Structure formats: structure tokens, C-alpha cells
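Below is one structure, written out as C-alpha cells, with a few remarks after it.
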Amino acid sequence: MNLDRPLTRNVHPDRSPTDLHSYESNGGYQSLRGAIGKSSPTDCLQIIKDSNLRGRGGAGFPTGMKWSFVPMENVSNASNPDGHKYLICNADEMEPGTFKDRLLMECDPHQLIEGMILAAYTLQADVAYIFIRAEYHKATQRLREAIEDSKRKGYLGQNILGSGFDLTMHVHVSAGRYICGEETALISALEGKRANPRAKPPFPQVSGLWGRPTIVNNVETLCNVHHIIEHGADWFQSLGKTKDSGTKLYGVSGRVKNPGCWELPMGTTVREILEEYAGGMEDGYQLRGFLPGGGSTDFLTTEHLDLAMDYDTIGKAGSRMGTGTMIILDDKTCPVGFVKNLIEFFARESCGFCTPCRDGLPWSAQVLGDIESGRGKAEDMDTLARQVQFIGAIGNTHCALAPGAMEPLQSAMKYFPDDFTRHIDGGVCPYCDRENR
């Protein structure tokens with residue numbers, strides 16, 4: 001087993017997806033056998049806390065701390081039939097430029113299932129859901145097959161491995177929309193309601209799915225759990241290059257020679273990811289900027305290439321590491337058009353609950369469209385600046401979708417102001433006659 005890159009140890013481009021036999025032959029389900037019914041849920045929770053595992057879905061919140069907010073009363077029994085606790089895997093991977101979770105689910109589905117079983121055991125949750133993006137047909141099929149194989153082997157169902165612990169696991173295919181990735185909107189959708197985010201408090205850890213204690217974690221986060229419980233917190237901490245522990249699935253898309261996704265130590269520099277793994281820029285193109293963690297993060301530029309890709313370092317630079325999947329802006333791609341495309345996406349994906357998001361994002365997209373098409377006016381820049389100031393402020397909207405959507409816009413206006421001015425002054429996109437346009 002590759003202990004330096006545990007998440008992708010079974011991922012090989014020239015091999016079929018890992019089935020149950022192959023997974024077990026490479027150490028799979030050994031962590032489950034060694035922990036369930038032998039280590040207490042409290043002991044497992046302490047290991048996760050000590051490991052400093054942070055959520056890999058974007059926010060980077062400490063996983064052990066999040067789990068500790070769940071009340072640890074007994075789950076359902078004959079006298080309390082509705083006393084369920086729920087674990088939900090957020091596999092609704094719709095962040096633009098992000099494709100890391102798909103890799104894990106398609107290539108090694110049992111890894112996610114084992115991680116979820118141990119997470120559920122730690123939380124004493126008796127029902128688990130994988131809430132998956134509707135377009136992920138292959139991942140959905142493989143997860144369902146893996147769940148059935150796990151049931152037949154006794155890893156899921158009643159009295160798992162004779163431990164007395166019961167767990168039912170389901171795959172739920174999302175009805176769509178980016179907003180379903182927000183954990184409370186996801187819970188609403190799973191209940192069969194409109195996917196609107198909920199006001200907090202109460203937080204899902206206390207009152208979530210159908211009013212019961214619920215934990216929602218990302219695919220990559222949950223895939224780490226059984227490795228940590230098996231090998232320990234100190235091992236996990238040793239994998240990272242900075243104070244953030246573990247490995248991370250980093251991805252790169254755009255005009256690079258080798259776009260893709262790689263498991264690397266947390267804190268690997270932007271330059272190493274871009275130049276050594278993505279192969280550098282395509283011939284004839286130069287780097288102007290990049291979104292470090294998907295479409296809802298702020299641009300960084302060439303001056304930030306030597307920064308460590310971890311949560312605090314990227315945060316101090318004025319952006320967010322987010323999902324750790326970089327989107328590259330090259331010197332022949334229009335920054336205004338680049339951002340307009342993202343804002344149009346976020347405007348379509350809004351749940352429409354609050355005015356700044358429902359009306360403000362389409363308005364911003366319209367203004368950017370006017371600028372991009374040569375109909376822009378000087379006062380449009382003031383309009384966009386006001387939009388960024390109001391919509392981009394946490395607390396002015398019901399959830400973080402609209403503030404996230406404003407991040408690429410506000411940073412493009414900061415780092416590439418001349419591009420906006422040239423559109424307005426020239427009455428045409430200066431990139432429109434470029435080869436790639």
C-alpha cells in the first residue's frame with residue numbers, strides 16, 4: 001500500500017475500477033475490521049480531531065470539531081423508532097473547474113464506502129446517503145454496485161461484522177443545480193423540497209435531515225477517514241508540508257500541457273503543481289492568472305506562484321484554496337469574457353430565494369456582457385464595483401453562493417483593470433480577433 005498517497009493508491013489509468021476483491025487484497029476494509037466494535041466511537045472521534053483533517057469541499061473546516069457538535073444519544077431502537085442520525089456524503093460536484101471527487105468515486109468506490117462506514121460508526125449514525133451529481137452516471141452505477149457487494153460481505157446492513165452496529169447506505173441522485181452543494185440546500189433537496197438554503201441556527205449537526213442530527217461531508221474528506229483511523233493522527237499530519245495535514249487532490253484545467261488531477265502533499269506550491277505536474281503552459285501561451293480553488297475563488301497571478309497551496313496561505317494572499325483545483329487564465333483569453341461566463345453560470349444556478357443573488361447576479365452578467373460585446377460605458381465599472389461591495393459581503397445574502405460568485409469578478413477588476421478599460425474605450429473586445437476566440 002502506498003502510504004504517501006493513500007487516496008489514489010488504487011487509481012491507475014491502465015486498470016479497471018477497483019472491485020471488492022481487489023480492494024480487499026490491497027488492504028481494503030482492514031481499518032473497518034480493526035476498529036468497528038473494538039475501538040469506541042469516542043476514541044475514533046479523538047483520532048480524527050488529533051489528525052487535523054480539514055474539510056476538502058472548499059471551506060476547510062476542521063472535521064473532528066464539526067463531528068463533535070453531534071449529540072451522542074442513542075440512535076433508533078424499539079422505544080425510539082424515529083431517533084435516527086444521518087451521515088450525508090456531498091458528491092454534488094458542480095463547482096466550475098472541479099473534478100477530483102469524480103476520480104475517487106469512479107476509480108475506487110469502496111474507499112468512499114469504507115470511510116463512510118467508519119464515519120457513521122464514529123457518529124453513531126444509522127443511515128447514510130451519497131448525494132451525487134446527476135451527470136455522474138458512471139460513478140453512480142459503480143457506487144451502487146459497490147454498496148451491494150459490501151452488503152453481501154457483511155460490511156453494511158444489520159450487526160456489521162458482529163459489532164452490533166447497523167448502517168443503511170443509499171445513493172441519491174441530485175435533481176441538479178449548483179446550490180444543492182450548499183449543505184442545508186442539499187438537505188432540503190434530499191427531503192424532497194426545493195433546494196433552498198436554511199437559516200442557521202439550528203445547525204445540521206443538531207437539527208438537519210428531517211430534524212435529526214446530520215453531518216454533511218465532502219467525498220475527499222470521507223475518503224481520508226479510514227486511513228487516519230488505521231494509521232493514526234501522527235501519520236496523517238506527517239504527510240503535509242505545512243501545518244495543514246494530509247494529502248490533497250490538486251487539479252489544473254486550462255491552457256496547460258497536461259491538465260489533470262494529482263494527489264500531492266498538502267502545501268505543495270502552485271509552481272510545482274503547474275510546472276511539474278501540469279507540464280507548464282501550452283506553447284505560445286503565457287500565464288496571466290489563475291483561480292486556485294474552482295470558479296468561486298479570487299484570481300491570483302504570477303507573483304503568487306511560490307505560495308503553498310494550503311488553506312491559510314492562500315487565504316492570506318486574498319483568495320481561497322477552495323477545492324484545490326486551479327483554472328488557468330492565459331494571455332490570449334479575455335478576462336472579461338472569462339468572468340462573464342462564470343457569473344452567468346452562478347446566476348443560472350441561484351435558488352432565487354434572496355434578492356441580491358436572484359437579481360444582482362443576472363444584472364452583473366448583463367453589465368459584463370455589454371462590456372464584452374463593446375457596448376460598455378465608463379459608469380459600468382462603478383456599477384460592478386457597487387455590486388461587488390454589496391453582493392460580495394457575507395451577511396447580505398442568504399447563503400455564500402453570491403459572495404462566492406463575486407470573488408472572480410472583484411479580483412479581475414483588481415488585477416486586470418486595463419482589460420475592462422480597453423473594452424469600453426475601444427468599443428470592442430480586444431481579444432476577439434485572437435486565434436482562440
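Just one of the listed residues (E106, E114) is acidic (D, E) and over 24 Å from K66 (Cβ atoms), namely E106.
Could you list, in sequence order, the residues of the stretch 380-405 that are assigned to a helix (DSSP H, G or I) and either polar (S, T, N, Q) or over 14 Å from E349 (Cα atoms) (or both)? Residues satisfying the conditions are D380, M381, D382, T383, L384, A385, R386, Q387, V388, Q389, F390, I391.
Kindly evaluate G294 against the criterion of being buried (at least 17 other Cβ atoms within 10 Å of the Cβ), outside the structural domain of G57 (by TED's automatic domain parsing), at pLDDT below 95 and under 23 Å from E93 (Cα atoms). It is true that G294 is buried (at least 17 other Cβ atoms within 10 Å of the Cβ), outside the structural domain of G57 (by TED's automatic domain parsing), at pLDDT below 95 and under 23 Å from E93 (Cα atoms).
Filtering the stretch 203-220 to residues that are in a helix (DSSP H, G or I) and either at pLDDT below 95 or surrounded by fewer than 24 Cβ atoms within 10 Å (Cβ to Cβ) (or both) leaves L209, W210, G211. Entry remark, the stretch 222-245: residues being of a type in the set (S, T, Y) and either crowded, with 24+ Cβ neighbours inside 10 Å or in a loop (DSSP other than H, G, I, E, B) (or both) number 2 in total. Cβ-Cβ distances below 7 Å connect the following pairs, each with a first residue in the stretch 356-368 that is surrounded by fewer than 22 Cβ atoms within 10 Å (Cβ to Cβ), a second residue that is of a type in the set (V, I, T) and modelled with pLDDT under 95, and a separation of six or more residues or different chains: P356/I391; P356/T397. Are any of the residues in the stretch 335-346 under 21 Å from S253 (Cα atoms) and either assigned to a loop (DSSP other than H, G, I, E, B) or of a type in the set (S, T, N, Q) (or both)? Yes, that holds for at least one residue. Looking only at the stretch 90-136, filter to residues that are under 23 Å from R212 (Cα atoms) and of a type in the set (S, T, Y); which one of those is surrounded by the fewest Cβ atoms within 10 Å (Cβ to Cβ)? The residue in question is Y129.
Which residues, taken from the stretch 137-170, are β-branched (V, I, T) and surrounded by fewer than 20 Cβ atoms within 10 Å (Cβ to Cβ)? Of everything in the stretch 137-170, just one residue is β-branched (V, I, T) and surrounded by fewer than 20 Cβ atoms within 10 Å (Cβ to Cβ), namely T168. Mind checking whether some residue in the stretch 415-431 is surrounded by fewer than 19 Cβ atoms within 10 Å (Cβ to Cβ), touching a Lys or Arg at 6+ places or on another chain (Cβ under 6 Å), closer than 15 Å to G337 by Cβ and of a type outside the set (F, W, Y)? Looking for residues that are surrounded by fewer than 19 Cβ atoms within 10 Å (Cβ to Cβ), touching a Lys or Arg at 6+ places or on another chain (Cβ under 6 Å), closer than 15 Å to G337 by Cβ and of a type outside the set (F, W, Y), one finds at least one in the stretch 415-431, hence yes.
Counting only helices (runs of 4 or more DSSP H) that sit completely within the stretch 86-160, those holding 1 or more residues that are more than 29 Å from Y178 (Cβ to Cβ) correspond to 109-123, 137-153. All conditions but one from (1) in contact with an Asp or Glu (Cβ under 9 Å, 6 or more places away or on another chain); (2) surrounded by fewer than 21 Cβ atoms within 10 Å (Cβ to Cβ); (3) not basic (K, R) apply to T302; the one that does not is (1). Going by the structure shown, is I187 in contact (Cβ under 8 Å) with a residue 24 or more places away in the chain, in contact with a Gly (Cβ under 7 Å, 6 or more places away or on another chain), not assigned by TED's automatic domain parsing to the domain that holds S319 and not in a strand (DSSP E or B)? Here the answer is yes, as I187 does meet what is asked.
The values are calculated or read from the model by the stated rules, or taken from the named source; none is laboratory data. As the structure is a computational prediction, the values presented were derived from the model and not from experiment. Glycine also receives a Cβ, built like all others from the backbone with ideal geometry; neighbour counts cover every protein chain displayed.
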